[in-house]
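One structure is given below, encoded as structure tokens.
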Amino acid sequence: MEFRAQTRFVRVSPQKARLVLNQIKGQRVENALNTLTFSKKRIAGKIEKLVRSAVENANYLSTEKNIDVDLDNLYVKYAVANDGPRMKRIRPAPMGRAYRYVRRIAHIEIALAERGKNGAGDLATVVGEEKAAAPAPAKKKRAVAKKKSVAKKAAAKK
């Protein structure tokens, strides 16, 4: 089961948020919170609050809805930062001109899931590893044709 939390209209560019989110993908919740606590990025505090919200969502479902959830086995299944609306701004420039610039906004979403009993869970799909497929058939060796030697040119007479 998945436990989600999202925050919208965060005043940070999605690219900067993804830098922090990529650090916590696939980690246990406890390790992810430690990583966010000691991160120097400004957005890390808001992401930490979001992870704690997802944990509380899981806690709520385990107590109120009688769903069996082990909070110690939760890990960050996916974490994404999508583009929000962009605010167009104008900055004064020399000689009466104006420069336009854009303030970016992000929508951040985090999902937690519970690891399996053996601890292996869905980590392979999170990290992007695929199950090992059957080995490819061996390629046939082709005979290599010998190259013809190039004849040396005679020196030109002067």
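What follows is calculated from the coordinates using simple rules that are stated; it is not laboratory data. In this text, all values refer to a predicted model and were calculated from it rather than measured experimentally. Note that we place each Cβ from the backbone using ideal geometry, even for glycine, and neighbour counts take in every protein chain shown.
Points to keep in mind about this one:
- Relative contact order, whole percent, for the range 2-127 stands at 38, derived from Cα pairs under 8 Å and 6 or more residues apart.
- Between L61 and I90, the modelled labels are 4.9 nm apart [label points 7 Å from Cα along Cα→Cβ].
- Burial order of peptide ranges 88-98, 73-83, 7-17 (average beta-carbon count within 10 Å, highest first): 73-83, 7-17, 88-98
- Rg to Rh, two decimals, where the range 2-127 supplies the alpha carbon set and Rh follows Kirkwood: 1.13
- Among the listed pairs K16/K77; K41/K65; K16/K88; K49/K77; K25/K88; K41/K77, those beyond 25 Å (Cα-Cα): K41/K65; K25/K88
- Dividing the mean sequence gap of close Cα pairs (under 8 Å, 6+ apart) by how many residues the range 1-74 holds gives a relative contact order of 37 percent.
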